[in-house]
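Read the figures in this text as sums done on the coordinates, not as results from a lab. No experiment lies behind these values; they were computed from the predicted model shown. In this analysis, Cβ positions are derived from the backbone assuming ideal geometry, glycine residues included, and neighbour counts consider all displayed protein chains.
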Amino acid sequence: MIPFFKRAREARRPRCAALVAAAGSASRMGGVDKQLTELDGVPVLVRTLLALENARRVDTIVVAAREDQLVEISRLCREYGITKCAKVVRGGENRVHSVLLAALEAGDAELLAVQDGARPLTTPQLIDEVIALAERCGAAAPAVQVKDTVKQVRSDGAVERTLDRSALRAVQTPQVFQADLLKAALQSALESGAAVTDDCGAVERLGKTVYLTEGDETNLKITTPADLILAEALLRAREERL
């Protein structure tokens, strides 16, 4: 009886498509392509895709990539057995545009999980937790408490005020939303030219509440060469614990 009820719950849950933002220029990597750079022998993007592949609540994956990488990323998906990857599409002029283009290719998915392609240490467990929260509240993301003291500064570099660190969180991905909500938010941000730095910001512009769940300190985004060195160390430590 238990397997029957488990199958019934699975059948009722909303379909979720993961939208992978992998079309950036990697300007802070000194000319190194962070998506295809190998992390312990496996490309960064592939590690991200494998986490999504193994997440129970992800049904399909759409990757938004640079035009010159479409064929290579499709090949890597086949090579590493990433069967959930339904499409690899050309990204847009910026992140908002890229994610919107991927969202429009997500078919009948009721939830959309936006994932940075350059977060190779994301775990399937974290992905499933955020999706489960979004199922209940419509908009969710993982976040970790800010450790450093954060200053708000003027254009001349002078400190304007010190922010309350206890109320600050660093938001990670995946960021998960009801499909219609995310599409409307991205379209609105794109049309207005709003300077949103993540998908939560686009949704917040529409007056919607985003709920946060506990993130993972190791779920870092590869942005600079130093991040790659740190990711290698974290990956080794993770593998030693297994």
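Extension gain, T209-V159: 0.36 nm per intervening residue step, less the Cα-Cα distance, totals 15.0 nm. The length gained on full extension between Q125 and S166, counted as 0.36 nm times the residue separation minus their Cα-Cα distance, comes to 12.2 nm. When only Cα pairs below 8 angstrom with a gap of at least 6 residues are kept, the chain shows a relative contact order of 22 percent.
DSSP beta bridges in the chain, what fraction antiparallel, as a percent rounded to 5?
40 percent
Phi angles of the range 161-170 translate, via the Karplus equation with coefficients 6.51, -1.76, 1.60 and θ = phi - 60°, into HN-Hα couplings of 6, 9, 7, 6, 4, 5, 9, 9, 9, 9 Hz per residue; Gly and Pro are given as x. Computed 3J(HN,Hα) for the range 12-22, one whole-Hz value per residue from the Karplus formula 6.51 cos²θ - 1.76 cosθ + 1.60 where θ = phi - 60°, is 7, 5, x, 5, 10, 10, 8, 9, 9, 7, 9, glycine and proline marked x. In whole angstrom, how far apart do the alpha carbon centroids of the range 46-121 and the range 196-224 sit? Here the two parts' Cα centres lie 18 Å apart. Sorted on the mean count of surrounding Cβ atoms within 10 Å across their residues, most packed first, peptides 154-161, 186-193 read 186-193, 154-161.
Amide H contacts of V88: V63, each under 5 Å away and 5 or more positions distant or on a separate chain (H built 1.01 Å from N in the peptide plane; Pro and chain starts excluded). Note on A194 and V150: their simple-model spin labels are 1.8 nm apart, each label 7 Å out from Cα toward Cβ.
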